[in-house]
1. Packing-wise, with mean Cβ within 10 Å as the measure, how do 69-75, 123-129 rank, highest first?
2. Which order do the peptides 50-58, 150-158 come out in when sorted by mean C-beta neighbours inside 10 angstrom, highest first?
3. Which pairs break 22 Å Cα to Cα here: Lys164/Lys267; Lys3/Lys144; Lys53/Lys267; Lys3/Lys192?
4. Starting from the Cα-Cα distance between Gln51 and Ala95, subtract it from 0.36 nm times their residue separation and give me the gain in nm to one decimal.
5. If you place +1 on the Cβ of every Lys and Arg, -1 on the Cβ of every Asp and Glu, and leave all else neutral, what size is the dipole of the chain about its Cα centre, to the nearest 20 Debye?
6. Just the Cα atoms of the stretch 89-237, one point each, no solvent: what log10 I(q)/I(0) does Debye give at q = 0.08, 0.14 Å⁻¹?
7. Using Cα springs under 10 Å in a Gaussian network model of the chain, which residue among Glu306, Glu201, Glu241 shows the largest mean-square fluctuation?
8. What order, most packed first, do the peptides 96-105, 281-290 have when packing is the mean number of other Cβ atoms within 10 Å of each residue?
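Please treat every number below as a calculation from the coordinates, not as lab data. Because the structure is a prediction, the values reported are computed rather than measured. Virtual Cβ from ideal backbone geometry, glycine too; neighbours counted across all protein chains shown.
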Amino acid sequence: MLKTLIVGASGYTGAELASYIHRHPHMNITALTVSAQSADAGKLLSELHPQLKGRIDLPLQPMDDVSECAANADVVFLATAHEVSHDLAPLFLQAGCVVFDLSGAYRVNDAAFYQTYYGFTHQHPDLLEQAVYGLAEWQSAKLKEANLIAVPGCYPTAAQLSLKPLIDNDLLELTQWPVINATSGVSGAGRKAALSNSFCEVSLQPYGIFTHRHQPEISAHLGAQVIFTPHLGNFPRGILETITCRLKPGVSREQVAAAFNDAYADKPLVRLYDKGVPALKNVVGLPYCDIGFAVQGEHLIVVATEDNLLKGAAAQAVQCANLRFGFAETESLI
């Protein structure tokens with residue numbers, strides 16, 4: 001039984017992680033922690049997330065001593081801001097823990113990336129080289145050997161799952177950059193209250209136009225430039241992305257379908273649509289990414305949807321852990 005620590009457990013993603021790990025037959029929650037300054041320290045997780053009442057009535061412990069926490073953990077999930085993960089990951093690795101970081105702190109193996117897009121100088125370029133990007137469907141071999149897994153962002157997961165089979169099979173005319181229009185529910189902004197993500201204030205609005213840090217994450221791992229525009233929608237959770245591409249001359253709908261089927265026929269958490277395209281309601285509360293598409297001449301539109309807190313965060317982190325430790329890929333997820 002793997003002793004498991006969740007850091008930053010009070011948030012939406014932390015609660016989803018706790019729920020998955022609580023029912024995992026090979027993992028046991030040894031502690032749920034928050035920062036020592038958190039107003040949630042000392043509360044039960046089920047006080048903050050009542051759906052867990054009677055299931056996970058564990059206290060949120062203030063993390064005063066990292067070494068003490070690490071001494072009682074084999075596996076650590078960091079559901080923390082990138083600047084916090086940046087500092088904590090090396091400490092847990094030094095203590096012999098396997099670390100799954102759900103922030104952006106180790107997602108791109110290039111220190112200059114962080115200065116440009118995150119506004120800080122990365123202090124651990126050696127760990128950037130060691131980190132494995134946890135896009136689970138495409139990284140299973142590397143995950144089995146990794147001790148630091150950088151779980152992808154929610155938007156990049158759906159975008160890359162949609163585009164990677166097409167790019168790898170040389171089906172797209174990439175001089176015309178794929179255009180990703182993506183909309184997320186307000187839970188993507190986290191649990192901390194702010195006017196900008198107040199449900200009564202949110203309608204439907206793009207943000208981060210040409211400046212969102214998920215664009216370079218997507219491009220870095222696809223090896224191709226894209227235009228990415230996120231939107232905030234007035235619904236609690238889920239992401240839907242509509243991706244417009246140009247096919248190379250002569251590429252047929254059957255070739256597109258074959259590329260997706262070859263990539264995901266044996267991948268249980270990607271569901272493909274033979275007809276039509278998925279809707280957001282198809283995946284909310286579930287660990288899947290659903291993908292459908294339509295072709296007209298040389299134009300291709302791919303629609304992908306996922307729950308941002310699950311396949312876009314907690315479910316993919318647990319999926320990576322299952323692959324890392326040799327468990328069934330969907331253990332505790334389905």
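1. Values: 69-75: 17.9, 123-129: 14.7.
Order by mean packing, descending: 69-75, 123-129.
2. On the way: 50-58: 13.2, 150-158: 27.8.
Ranked by mean Cβ neighbours within 10 Å, highest first: 150-158, 50-58.
3. Listed pairs above 22 Å: Lys53/Lys267; Lys3/Lys192.
4. Taking Gln51 through Ala95 to full extension adds about 12.5 nm, to one decimal.
5. Result for the chain is approximately 660 debye, rounded to the nearest 20.
6. One equal scatterer on each Cα of the stretch 89-237 leads to -0.26, -0.79.
7. Among Glu306, Glu201, Glu241, the largest GNM mean-square fluctuation belongs to Glu201.
8. 96-105, 281-290
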